[in-house]
Amino acid sequence: MNPPRMTTITALRRAATLASERQRVVDLRERSLLGGGFYVISWFLIAGFSEAMALRTTGVVLGGLGLAVLAALRFLPTPAMPDQAAARRARARLWALLMAMAALWGGLCAWAWVDPAFAESRMLTVLGVVSLATAFAQLYAVGRPQAFAGIALMVLPTLLAMAREGGYEGLVLMLLVNLAYLAAVIFRANREYETRLALEVELRTERDRYVRLSRVDALSGLSNRGHFQGLFEAAVANRDGGTVLLVLDVDRFKQVNDRFGHAAGDRVIASVAEALRSGVESVDGVAARLGGEEFGALLRGMDSAQALALAEDLRRRIGALRFPLPDGSEFQVTASIGLGAFDPRRHRDADALYREVDAALYRAKAGGRNRVVAIN
């Protein structure tokens, strides 16, 4: 397909932002794959070093199973993300899993603190709360509100259970200090992550702009000669007999510039390019400005009769264009077209076909212009 007409910075930035949204999903998923199993291990350590494994077997197993299922769900493949909305939905699903894990972990640790069957593992419970909340803050600072919510779900249930029971004021204060530290970690890490993503958007936008400029003709918005030549040579290299080359030249274009000025000439180039684009894109072809008033088109999967009909339609459409002048008058232009299908038995390479089509174009001009001539 043809490159779009002089893609704007806004469109390029939109594409870069979509890439950034996808990167957020990739980053979040990669980080989530790391820690799920540690919740399961930590939970069974808390239960195993207390009487809960024997006295609360069903609850312990169900808690571990819940953590294991949530950890396994993180490995589900990421769905397709064709647009920003799809990327945001994919990220929301990942966050939902992480929030569910945080809530379950916080609930299990609060249970372990208040249930006498876990009494021997109270310090293990506190260590589990602090260590996994710290890991959560460091891993998931890619989403600041979600990271805050996650550590709150993990820490506050046990913290409230301690405060309600009383006698653990020092431990409660230490947990509060740890929460403040984790909040600072999240703020800093999130700022660094967002700064990096913003820089990547800018760099990707500039890269895409230069890539497109290297492929697109500035005035017409069509492929430029270099890009078109590469596509043409690749099609011929495949020895595809369904490849048709069309070369179009605006008749007496120098007179347009001389009589009406170069601004009028630019309008002609842009209008002819749009007529060529719409006609060629309708059959999934590629159109290009080859230089000056000369254009080319690469058509695939067409026989000579179909290509000839398309060329005649293009010639008529260009002849029907009207170009108004400041004095209220208007002028028209015509186009001559040469075309030919690649024949592997006849054409050694792309240059051989181009020379024959170019010769057909000159026969069209010599025969009176405003006509289509196909190679013999």
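The values are calculated or read from the model by the stated rules, or taken from the named source; none is laboratory data. Keep in mind it's a predicted model, so treat the numbers as computed, not measured. Glycine gets a Cβ as well: all are built from the backbone with ideal geometry, and neighbour counts include every protein chain shown. Accessible surface is based on the protein model in full, side chains and every heavy atom, while ligands, DNA and RNA are left aside. Shrake-Rupley method; radii C 1.70, N 1.55, O 1.52, S 1.80 Å.
Only one residue in Ala92, Ala86 is free of Cβ contacts under 8 Å to residues at least 12 places away in the same chain, assigned to a helix (DSSP H, G or I), open to solvent by less than 20 Å² (accessible area, probe 1.4 Å) and not charged (D, E, K, R). Which one? Break it down into steps so the answer makes sense when it comes.
Working: Ala92 fails: open to solvent by less than 20 Å² (accessible area, probe 1.4 Å).
Answer to the selection: Ala86.
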Just give me the residues in the range 294-313 being over 18 Å from Gly221 (Cα atoms) and buried (at least 17 other Cβ atoms within 10 Å of the Cβ), in sequence order. Leu299, Met302, Ala307, Leu308, Leu310, Ala311
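If I ask for residues that are more than 21 Å from Ser336 (Cα to Cα) and assigned to a helix (DSSP H, G or I), which ones from the range 228-259 would you list?
Within the range 228-259, the subset more than 21 Å from Ser336 (Cα to Cα) is 230-231, 233-242.
Answer for the range 228-259, where residues must be more than 21 Å from Ser336 (Cα to Cα) and assigned to a helix (DSSP H, G or I): Gly230, Leu231, Glu233, Ala234, Ala235, Val236, Ala237.
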Against the definition (crowded, with 21+ Cβ neighbours inside 10 Å, under 21 Å from Glu281 (Cβ atoms) and modelled with pLDDT under 95), how does Val216 come out, yes or no? yes
I'm trying to understand the selection: among the residues of the range 140-163, which are open to solvent by less than 40 Å² (accessible area, probe 1.4 Å) and either within 24 Å of Phe44 (Cα to Cα) or not hydrophobic (A, V, I, L, M, F, W, C) (or both)? Tyr140, Gly143, Gly150, Ile151, Ala152, Met154, Val155, Thr158, Leu159, Ala161, Met162
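Farther than 22 Å from Arg369 by Cβ and under 36 Å from the mean Cα position of the chain (by Cα), is that true of Leu299? Working first, answer last.
Numbers: farther than 22 Å from Arg369 by Cβ: yes; under 36 Å from the mean Cα position of the chain (by Cα): yes.
Yes.
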Can you pull out every residue in the range 351-376 that is in contact (Cβ under 8 Å) with a residue 40 or more places away in the chain, touching a Lys or Arg at 6+ places or on another chain (Cβ under 9 Å), surrounded by 16 or more Cβ atoms within 10 Å (Cβ to Cβ) and outside any helix (DSSP H, G or I)? Asn370, Arg371, Val372
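Determine whether Arg267 is touching a strand residue (DSSP E or B) at 6+ places or on another chain (Cβ under 7 Å), open to solvent by 70 Å² or more (accessible area, probe 1.4 Å) and either part of a helix (DSSP H, G or I) or hydrophobic (A, V, I, L, M, F, W, C) (or both).
Details: touching a strand residue (DSSP E or B) at 6+ places or on another chain (Cβ under 7 Å): yes; open to solvent by 70 Å² or more (accessible area, probe 1.4 Å): yes; either part of a helix (DSSP H, G or I) or hydrophobic (A, V, I, L, M, F, W, C) (or both): yes.
Yes; evaluated as a whole, the condition is true for this residue.
Would it be correct to say that Gly166 is over 19 Å from Leu108 (Cβ atoms) and surrounded by fewer than 16 Cβ atoms within 10 Å (Cβ to Cβ)?
So Gly166 passes the test.
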Please indicate, with yes or no, whether at least one residue in the range 139-155 is more than 31 Å from the chain's Cα centre (by Cα) and not in a helix (DSSP H, G or I). no
Glu281 vs (1) under 24 Å from Gly368 (Cα atoms); (2) open to solvent by 40 Å² or more (accessible area, probe 1.4 Å); (3) in contact with a strand residue (DSSP E or B) (Cβ under 8 Å, 6 or more places away or on another chain): all pass except (1)
Considering Leu67, Leu76, Leu104, which residue is among the aliphatic types (A, V, I, L, M) and either within 15 Å of Glu30 (Cα to Cα) or exposed (fewer than 14 other Cβ atoms within 10 Å of the Cβ) (or both)? Leu76
Reported set for the range 238-258 where residues are open to solvent by 70 Å² or more (accessible area, probe 1.4 Å) and without any contact (Cβ under 8 Å) to a residue 24 or more places away in the chain is Asn238, Lys254, Gln255, Asp258
